Each structure stands twice: as structure tokens, then as C-alpha cells.
Amino acid sequence: MPTSSAPRTRGTSSARALFLLFAGLARTVKAVDCLEAVIISDDASYAAARACTTIDGSLFVDPNYEGVVSIRLAQLAKVGGGIFVERTKNLRCLDLPELISVNGSFSVENNEKIRSINVAKLNSIDGSLTVRNNDKLPSVVFPALTSVGGSLVVADNTILNCAGFPVLTSVGG
């Protein structure tokens, strides 16, 4: 995993300049394109990631970031690399409501408490999609997903009783 946690952005020297911090609350000032990998590893990097509309590299959730129970990136529409949410201890919800495409792989694996994945608009993943070993995940639905360029693996999720891909027409490998 890359070591940088604050995303470089177009039009600003620091992602921290995008936020006004007052009494522990972050308020978005401007949406930006993030130019490299984004690693959500603490509250500051999560706040910076919330401003990203695109990420040119990959998105990682650091498994050592135990202070977060929900990740909501409401503006994120495209990821140029992959998305990797793996081995988290307290994360319960991954909410990417505006995400449309992932140019790499999308992996949600070995998360102890994840219960919800929201990717309502995601229509294409160029790499593989893996949802595996998430013991608290009851269902996973990708309502707009039409194509996965690589393999599709949904396995070993202890209480999973529903996996839905209603418009999926193409799986590559």
C-alpha cells in the first residue's frame, strides 16, 4: 500500500486547504480531482478524501484506521485505479452513492463488522470484483453494474443471504 495519505489535488497545494475545521466538524469548501492514490488512514485523510470527485490512482482504507465506522464519499464518481477495503476492524458501512466506474479492481475482503455496501450507480469495473470473508454482511447488491472486466468472486461471507447483480451482462475472467 502506498504511504502518502493526503491526496494531491488540482488547483490547491494541500487537501487540508479545502476544509474549515471547527469543533471537530469538517465542511467541504470545494470538490476536487485527486491526482494520486488516496489512503484513508485517519480523520484528516478521510476529510480530505470526501472532497474527491475523481481519484486518478487507487483508493485504500487503511486496516489500522479503527476510528471510523462509516465511509461516505458522496462526491466520488470515478476511480482510475482500484478500491481496496480490506481487514478493517470497525468499518460498518461503505457508501459511494455517486460512483460510476472503477478502472481497476474493487475488493471488499476480511472486514470484521461491515454490514452495508452502497454503490447504487456503479456500472463498470475494469478489473475484478471480490466480496469475500465479511462475516457481518447480510446482502450485497450492485443494482447498476453491467460489466466486470476480470473475475467476480462473492464467497465466504458467513451470513450473506442475498447477492444481486440485476443488470450484469458481462464478466471477463
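Scanning the range 40-52 for residues that are buried (at least 17 other Cβ atoms within 10 Å of the Cβ) and either charged (D, E, K, R) or in contact with an Asp or Glu (Cβ under 6 Å, 6 or more places away or on another chain) (or both) yields Ser41, Arg50.
Each residue in the range 54-76 was checked for being more than 19 Å from Asn133 (Cα to Cα) and in contact (Cβ under 8 Å) with a residue 40 or more places away in the chain, and 4 of them qualify. Determine, yes or no, whether Arg27 is more than 23 Å from Lys121 (Cβ to Cβ) and at pLDDT 95 or above. It is false that Arg27 is more than 23 Å from Lys121 (Cβ to Cβ) and at pLDDT 95 or above. Note on the range 58-80: residues that are in contact with a Gly (Cβ under 8 Å, 6 or more places away or on another chain) and either surrounded by 21 or more Cβ atoms within 10 Å (Cβ to Cβ) or acidic (Asp, Glu) (or both) total 3.
Could you tell me which of the residues Gly164, Gly172 is over 18 Å from the mean Cα position of the chain (by Cα) and either closer than 18 Å to Gly104 by Cβ or charged (D, E, K, R) (or both)? If you could, list the steps in order and put the result at the bottom.
Details: Gly164 fails: either closer than 18 Å to Gly104 by Cβ or charged (D, E, K, R) (or both).
The conditions single out Gly172.
Of all residues in the range 74-86, those being in contact with a Phe, Trp or Tyr (Cβ under 9 Å, 6 or more places away or on another chain) and either outside any strand (DSSP E or B) or aromatic (Phe, Trp, Tyr) (or both) number 2. The set of residues from the range 112-168 being under 25 Å from Lys89 (Cβ atoms), in contact with a strand residue (DSSP E or B) (Cβ under 9 Å, 6 or more places away or on another chain), of a type in the set (S, T, N, Q) and surrounded by fewer than 14 Cβ atoms within 10 Å (Cβ to Cβ) comprises just one member, Asn161.
The values are calculated or read from the model by the stated rules, or taken from the named source; none is laboratory data. All figures in this text were calculated on a predicted structure; none of them were measured in a lab. Positions of Cβ are generated from backbone atoms using ideal geometry, with glycine treated the same way; all protein chains shown enter the neighbour counts.
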